[in-house]
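Input: a single structure, listed below in structure tokens.
The values are calculated or read from the model by the stated rules, or taken from the named source; none is laboratory data. Since this is a predicted model, take the numbers as computed values, not measurements. Quick reminder, even Gly has a Cβ in these numbers, built from the backbone with ideal geometry, and neighbours come from all protein chains shown. Only protein heavy atoms, including side chains, enter the accessible area calculation; ligands, DNA and RNA are left aside. Shrake-Rupley method; radii C 1.70, N 1.55, O 1.52, S 1.80 Å.
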Amino acid sequence: MSDQPIRFDYAELAKPDRTHARLYTDPDIFAEEIEKIFRHSWVYVAHESEIPKPGDYLTTYIGLIPVIVTRDEAGKVHVLVNRCMHRGATVCPYEKGAAKAFTCPYHGWEYALDGRLNAVGLPKGYNPGEIDKGKLGLREAAKVGSYRGIICAVLDEVPDISLEEKLGPALPILDAYMDLSPTGEIEVGRSGVYKHAYHGNWKIQVEGSVEGYHPVFTHQSAFETIGRTMGINPKSSFTGSGKTGLLGRDLGHGNNILEVYKYTDEQVSQRYPQAYIDLLKDAHGEKRAMAALRTRFNLVIFPNLAILEYQFRVTRPVQVDLSEVRIYHTMLKGLPEEFSALNLRRVREHEFFYGPAAFGGPDDYVAFERIQQGLVADEEAPWVLLNRGYTTEQVDAEGCRYGDLTQETQQRAPYYEYRRLMARSLEAV
């Protein structure tokens with residue numbers, strides 16, 4: 001950011017029940033989001049199952065900044081800026097792999113898995129004092145934290161909250177997601193990754209990951225196919241009033257959840273083998289096991305991660321009107337062989353709805369691009385409405401706002417944190 005950053009009144013641009021179209025189209029606002037949200041707050045970078053052994057690494061982005069997530073020889077996780085400290089080339093060109101060190105292809109500077117500068121090319125050409133290896137290691141994220149394998153990082157530190165404070169009421173939901181495995185662990189991306197780019201702002205996908213209003217309109221072909229093949233009506237949850245009995249909740253700090261299904265104990269028994277249910281009860285206790293089995297949900301960890309039943313969805317801002325989405329399939333770790341069909345079902349149901357030629361995901365990306373096309377008419381129609389159910393929103397015992405899943409509580413949720421982060425002054429940093 002420049003010494004005199006452009007200032008916007010985000011309380012006016014992101015009201016509790018609506019957002020201004022400029023938030024999705026203005027490149028100066030986008031630049032400030034990259035600085036204040038992606039560089040200076042907790043951002044998801046990887047899952048520990050993707051780098052299980054010392055030497056394993058993957059490359060990703062924190063906002064626009066390329067980073068390497070590594071596990072060093074001692075097993076410690078590091079998040080390093082993928083930029084040689086000499087002339088700026090990225091030192092790792094691969095998405096994932098295993099390495100003993102990273103060597104810049106331009107001048108041979110070599111970096112250890114923890115970012116330390118091991119060696120420089122043609123070292124005798126440097127005069128005494130021209131190279132200080134202790135100060136020329138790869139830049140490391142100011143904070144790195146992990147919860148149930150979910151690795152998040154803060155690239156540049158400012159006084160703020162811890163990772164567990166950031167997750168808050170989302171913690172038991174993450175526990176339930178992991179507890180579908182008898183070991184309490186999942187594997188992310190073992191079966192690959194779907195990559196989608198769309199010409200639209202990154203926040204459109206964040207809002208869309210917990211969108212309960214659109215499915216009966218946008219995904220009619222999926223509903224019709226499910227109805228024909230399974231003999232059920234997926235629209236049956238929706239009444240004429242639009243009320244479903246399922247909830248959208250604001251979990252604080254921009255995080256939010258959309259309940260997709262709530263199973264009764266009888267429905268749990270119909271969906272899962274009794275031996276698997278008993279296995280989870282033995283592993284986690286009856287209360288935790290049933291909490292994991294009863295609910296299917298879409299969860300957003302603001303700003304860039306969505307966790308759905310079968311996937312980790314990571315949204316990367318590229319430009320104000322261009323975003324990339326990477327969808328990593330998740331598997332339950334530690335399942336005995338007799339329950340392998342459960343992981344296979346996760347794969348097949350994931351393919352059916354979210355694959356490149358599937359019945360759901362492609363519909364959404366078309367809608368996202370059409371939203372971006374329409375938002376350029378910001379003088380004629382400046383507001384994006386998020387007011388459905390706003391006046392009837394309620395607050396639960398944990399202080400979380402909630403409403404019916406179609407009522408946009410979960411779409412409003414990120415903007416409470418958005419306003420907080422965007423109002424911060426970083427001039428002293």
Next on the checklist: For the range 28-42, give me the residue count where each residue is in a helix (DSSP H, G or I) and either more than 17 Å from Ile65 (Cα to Cα) or polar (S, T, N, Q) (or both).
Outcome noted: 2
Checklist entry - For Asn343, which of the numbered conditions (1) in contact with a strand residue (DSSP E or B) (Cβ under 7 Å, 6 or more places away or on another chain); (2) closer than 22 Å to Gln205 by Cβ fails to hold? => result (2)
Checklist entry - Quick one: which of Gly355, Gly361 is of a type in the set (Gly, Ala, Ser), touching a strand residue (DSSP E or B) at 6+ places or on another chain (Cβ under 9 Å) and within 30 Å of Glu35 (Cα to Cα)? => result Gly361
Next on the checklist: Kindly evaluate Tyr106 against the criterion of being farther than 22 Å from Pro54 by Cβ, open to solvent by 80 Å² or more (accessible area, probe 1.4 Å) and aromatic (Phe, Trp, Tyr).
Outcome noted: yes
Item to check | Among (1) more than 22 Å from Val193 (Cα to Cα); (2) out of contact with any His (no Cβ under 9 Å at 6 or more places or on another chain); (3) open to solvent by less than 10 Å² (accessible area, probe 1.4 Å) - the single one Gly63 does not satisfy | outcome: (1)
Item to check | One residue from Glu286, Glu187 being open to solvent by 60 Å² or more (accessible area, probe 1.4 Å), of a type in the set (D, E, K, R), at pLDDT 90 or above and over 18 Å from Gly360 (Cβ atoms) | outcome: Glu286
Checklist entry - From the residues in the range 311-338 that are outside any strand (DSSP E or B) and of a type outside the set (Asp, Glu), which one is most open to solvent (accessible area, probe 1.4 Å)? => result Lys333
Next on the checklist: Looking at the structure I just gave you, is Val384 farther than 30 Å from Arg271 by Cα, free of Cβ contacts under 8 Å to residues at least 60 places away in the same chain and open to solvent by 20 Å² or more (accessible area, probe 1.4 Å)?
Outcome noted: no
Next on the checklist: Can you find, within the range 356-373, the residue that is modelled with the lowest pLDDT among those that are open to solvent by 60 Å² or more (accessible area, probe 1.4 Å) and within 23 Å of Tyr24 (Cβ to Cβ)?
Outcome noted: Val366
Next on the checklist: basic (Lys, Arg), at negative phi, at pLDDT below 95 and in a helix (DSSP H, G or I): which single residue out of Arg348, Arg420 fits that description?
Outcome noted: Arg348
Checklist entry - Yes or no: Leu305 out of contact with any Asp or Glu (no Cβ under 9 Å at 6 or more places or on another chain), more than 19 Å from Glu211 (Cβ to Cβ) and modelled with pLDDT of 95 or more? => result no
Checklist entry - Among the listed residues Thr229, Thr244, Thr225, Thr239, which satisfies the condition of being out of contact with any Pro (no Cβ under 9 Å at 6 or more places or on another chain), modelled with pLDDT under 95 and closer than 26 Å to Glu369 by Cβ? => result Thr225
Checklist entry - Just checking, how many residues over the range 135-160 are touching a residue at least 12 places away in the same chain (Cβ under 8 Å), more than 19 Å from Asn304 (Cα to Cα) and outside any loop (DSSP other than H, G, I, E, B)? => result 1
Checklist outcome for this item: When (1) modelled with pLDDT under 95; (2) among the aromatic types (Phe, Trp, Tyr); (3) farther than 30 Å from Asp250 by Cα are applied to Phe8, the one that fails is (3)
Next on the checklist: With the structure loaded, tell me whether Lys100 is open to solvent by 60 Å² or more (accessible area, probe 1.4 Å) and not in a loop (DSSP other than H, G, I, E, B) or whether it fails that test.
Outcome noted: no
Next on the checklist: Residue under question is Asp114, and the condition is that it be of a type outside the set (A, V, I, L, M, F, W, C), open to solvent by 20 Å² or more (accessible area, probe 1.4 Å) and under 19 Å from the mean Cα position of the chain (by Cα); does it hold?
Outcome noted: no
Item to check | Index of the failed condition, Ala112 passing every other in (1) among the small types (Gly, Ala, Ser); (2) within 29 Å of Lys36 (Cα to Cα); (3) out of contact with any Pro (no Cβ under 8 Å at 6 or more places or on another chain) | outcome: (2)
